[in-house]
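S.K.: Have a look at this one.
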Amino acid sequence: MDLDNLTRISFWAVAVALLLLERIPSLRRADSPVQYRWLTNVGLMLLAGTVLSVVFPASITTVANAMDTGLVHELQLPLLAELVLVFLLLDFWRYWEHRLLHEVPLLWRAHLVHHSDTALDVTTAVRHHPLETIITTFIAFILVFAFGFSIQALGFYLLIAMLSSLYTHANITVPEPIDRPLRRWLVTPAVHAIHHSDHQPQTDSNYGSVLTVWDRLFGTYTDPGKAVIPRFGLGYFRQSRDTALGPVLLQPFEYRYGGSYPERCNDAQTMMATEPALPLSSQWRQALLYGGIGLCLALLALWPTALDLASVWSRTEPYQYAWLVLPMFIYVVGWYHRDNILAMTPRPGYTGLPLIALAAALWVAAFVVDIKLGQHVALVLVLQGIALCTLGWNTYRSQLPVMLLLFLMIPCGDILLPLLRGLTVKWIEWFALLTGLPHSVEGYVIYIGEHRYIVIDLCAGLAFFTLASFLGYSFGLLMFRSLPKVVAMAVLGAALGVLTNAVRVCLIVGIDWLRGSQMDLAAHQDIQWLVLLMSLALLLFLASRLQHDTWTTASDRTRETPDWDAGRYGPALAGALMLATVGLVQGLAYRSENSAVTSADSLQQLANHYPGSRWLETENAESRSLSIPFTKTMEVVLITPVSDTGRLIKSSLHPEDNERIWRHTDTGRHRDCLGYSCITFVHTTWKRKGSNDARHIFYTYYVGDLVTDSKLTFRLARGWNRLTGSPGSVGLIGFRLLNDIPPEFILISAVQELRADLHATVSSALASNVR
């Protein structure tokens, strides 16, 4: 089993087991509120994990597995000896790291969030501010690079330390006869509970992670048998409002050494009594019932779209933040604004049906032309329509800023990426002009003196933009009530994301110029970590300086008994209409798919017709690619879908070279004419890393007799063929040049020849089916 998977399974298994033990009264150390803390603690864990995935795309175990240098690696110790050495070394470092987080004022600002929890249980173990998580992870990477731990030794310690953290934070008591001998060597819940006391001498003790040896050795050990814990938490941030996720994220910037803070609540029971929850009225129970039915029907229809959306989040780094959108939505609606929402009266009806009709039309159009983005937008519009049918216009409008949060689930990189990539080129160009550096620009290639930079997709800063936009919008929801203010916070976050990437690329160019050589990609990651940390800190700092809106709960409840208004069926009807529409369109597409001749059959016949043809590898099984030698300096690449629903994967068009990496540097158009007949091609230019060698690729799409360079036109024509069941070949014709473009370069005659061959193979396949 993969080490990362083993760690995740162990984490959840132990966490669940300890949570169950905490529910047993005889084992529980003290009563602790759940609903006021768990959402915040788990939210911090999810947020920190998302931020880390952006800052450090590779896990620390992945890096350790690739290391073949370092002090420990050079010793070549037996595995058992290395396990012991690395365990002691890392636990020693964890002691001093933890102690420095307390003793260095700047680091304490990030770490105090862990101690501001007013109770102690398993969820406290994952309560860490994203800034602290970035700092400690970065230090861990430095240790791995310096010492070269084996993945076995590193994984062993990380697993033990993680399980120890869960155990030592658990709200359980171990019998004194068992705990006393254990704590002579190991950190136990009784030992670590002292560290979470609000009495500062106790807080500044018992820093150990797994072993108590270091605290005893350096004089920071406090014996649980001789200490009394007055309260858990800190002497500040003790008001009930301080437990919410938004205020917790701002605590590092609101903390002032020696500052005065409001009178704190005395205990957990007082905190729980300060915010009574409104009961769920009969109107809300009725509205949620029919709204749930409508939601289930809609998801039953659109589950393939929902799965595709989740797959984009999983495999694409800039959209991994989207896993937090639904938890944030549930947190804001189900807890943060709960009383405000429950004080209103839902008015179920048919108000959202026009929005459902619009979503259905959009989904059908996007399905026909195979545009995933349109289907994703339609899914979110369906959620909005069902919410509108469930809540009624007045309640929905009051919660519009929260409802619009769901649109951040939609991946829109295909729209943003070219813009951000071009802007990155401009940042470097403006930096060179400002500093007087010699430079020139060729598409996405920038020359700074003798240094050459190719701005690829990863350099565009899309991950900075999307994560900062989400964080800005989320902070806006937690701080403000009006939509313009919330959107302004999102715009502020997006602007900081763009500026973060600008600082990153300018630092890279400037440092390279001063050093006289270009740094490697690992150094790029270090700079990325630095500037992202600065950006997040600046966003949180600005949020802490803005005046928050005052929240008041005004009830408009008018009745407690449900009336039998037919409008209650609005949400269920909305879901049923979506299910019927999607089912009808998919049925038509399925029927046409069974009657159509697939283009893959014609490609197979072409492979037999042209000697020297070879099949190219593709990223997945949705399409097939055939390479045909055309001239000594050019080859034809034909790409066709394997079915009527398959997509064209253009990666097989890219230059082939196992020894060097090719970067896409420019995209343009090339038009060929022969008489009155003209064809326009997409022209992409590629340059090899570390060289000025260039490759040129031309391609165009075809659907039956139509030839076009427009992806949208191609998808529209293909979608129409799918619905009508019209036979014909579908695919892409590409030309891959092995050298520079010749002076007289004509492609239209080659396209006409290949189109004639494709028509012949399709006709032959149709005749075979008729017989």
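No lab work stands behind these numbers, since they all come straight from the coordinates. Treat the numbers as computed from the prediction; the structure is a model and nothing was measured. Methodologically, a virtual Cβ is constructed for each residue, glycine included, from the backbone with ideal geometry; neighbour enumeration extends over all protein chains shown.
S.K.: Peptides 291-302, 625-636: what's the order by average Cβ count within 10 Å, highest mean first? Could the numbers behind the result be given before it?
M.R.: Numbers: 291-302: 20.6, 625-636: 17.2.
Order by mean packing, descending: 291-302, 625-636.
S.K.: How large is the helix-only mean residue ellipticity at 222 nm for the chain, computed as the sum of -39500 (n - 2.57) over DSSP H runs with n ≥ 4, divided by its residue count, in deg cm²/dmol to the nearest 500?
M.R.: On the way: 29 runs with 430 residues, N = 771.
When only DSSP H runs of four or more count, the value is -18000 deg cm²/dmol.
S.K.: Same structure, new question: Could you sort the peptides 344-357, 668-681 by per-residue average Cβ neighbour count (10 Å cutoff), highest mean leading? Present the calculation step by step, with values, prior to reporting the outcome.
M.R.: On the way: 344-357: 20.1, 668-681: 13.1.
My ranking of the peptides, most packed first, is 344-357, 668-681.
S.K.: If you line up the long axis of helix 282-315 against the longest principal axis of the chain, both from Cα atoms, how many degrees apart are they, to the nearest 10?
M.R.: With both axes taken from Cα atoms, the answer is about 60 degrees.
S.K.: Here's a follow-up. I need the calculated FRET efficiency for the pair ILE527 and PHE745, taking r as the beta carbon distance and R₀ as 41 Å, to the nearest 0.05.
M.R.: On the way: r = 42 Å, r/R0 = 1.02.
Computed FRET efficiency for ILE527 and PHE745: 0.50.
S.K.: Non-local amide H neighbours of GLY352 (under 5 Å, H modeled in plane, Pro and chain starts lacking H): which ones?
M.R.: So GLY352 has HN proximity to CYS389.
S.K.: So, in nm, how far is label LEU437 from label ALA146 when the simple model puts each one 7 Å beyond its Cα toward the Cβ?
M.R.: For the pair LEU437/ALA146, the computed spacing is 3.0 nm.
S.K.: Relative to the Cα centre, what is the charge dipole magnitude of the chain, using +1 at the beta carbon of each Lys and Arg, -1 at the beta carbon of each Asp and Glu, and rounding to the nearest 20 debye? Can you show the working numbers first?
M.R.: Details: 57 positive and 60 negative charges, 253 e Å.
Charge dipole of the chain: 1220 debye, to the nearest 20.
S.K.: Calculated FRET efficiency, ARG8 and CYS296, Cβ-Cβ r, R0 25 Å, to nearest 0.05? Write down the numbers at each step before the final one.
M.R.: Numbers: r = 29 Å, r/R0 = 1.18.
It comes to 0.25.
S.K.: Compare the peptides 574-580, 387-393 by average per-residue count of other Cβ atoms within 10 angstrom and give them in order, highest first. Intermediate results must be reported in sequence, preceding the final value.
M.R.: Numbers: 574-580: 22.3, 387-393: 24.3.
By packing density, highest mean first, the sequence is 387-393, 574-580.
S.K.: Hey, another quick one. Using Cα pairs closer than 8 Å and at least 6 residues apart in sequence, work out the relative contact order for the chain, in percent. Walk me through the intermediate numbers first.
M.R.: On the way: 1185 pairs, mean separation 85.9, N = 771.
Relative contact order comes out at 11 percent.
S.K.: Can I ask one more? Relative to the longest principal axis of the C-alpha atoms of the chain, give the angle of the C-alpha long axis of helix 748-770, reported between 0 and 90° and rounded to the nearest 10°.
M.R.: 90 degrees
S.K.: So which trypsin sites (Lys or Arg not before Pro) in the range 1-109 pass both tests, a DSSP loop state and at most 12 other Cβ atoms within 10 Å of the Cβ? Walk me through the numbers on the way to the answer.
M.R.: On the way: sites: ARG8, ARG23, ARG28, ARG29, ARG37, ARG94, ARG99, ARG109; in loops: ARG23, ARG29, ARG37.
Those satisfying the criteria are ARG23.
S.K.: To the nearest 20 Debye, how big is the dipole of the range 413-545 about its Cα centre, given +1 on the beta carbon of each Lys and Arg and -1 on that of each Asp and Glu? Numbers along the way, then the final one.
M.R.: Working: 8 positive and 8 negative charges, 122 e Å.
Rounded to the nearest 20 debye, it is 580 debye.
S.K.: When the chain is fully extended, how far beyond the present Cα-Cα distance does HIS609 get from LEU280, taking 0.36 nm per residue of separation?
M.R.: On the way: separation 329, 0.36 × 329 = 118.44 nm, distance 7.20 nm.
Separation in residues times 0.36 nm, less the Cα-Cα distance, equals 111.2 nm.
S.K.: So, one more: Cross-link list LYS632/LYS687; LYS372/LYS711; LYS372/LYS689; LYS426/LYS650; LYS426/LYS687; LYS372/LYS687: which exceed 23 angstrom alpha carbon to alpha carbon?
M.R.: Working: LYS632/LYS687 21 Å; LYS372/LYS711 13 Å; LYS372/LYS689 32 Å; LYS426/LYS650 28 Å; LYS426/LYS687 20 Å; LYS372/LYS687 30 Å.
Beyond 23 Å between Cα atoms: LYS372/LYS689; LYS426/LYS650; LYS372/LYS687.
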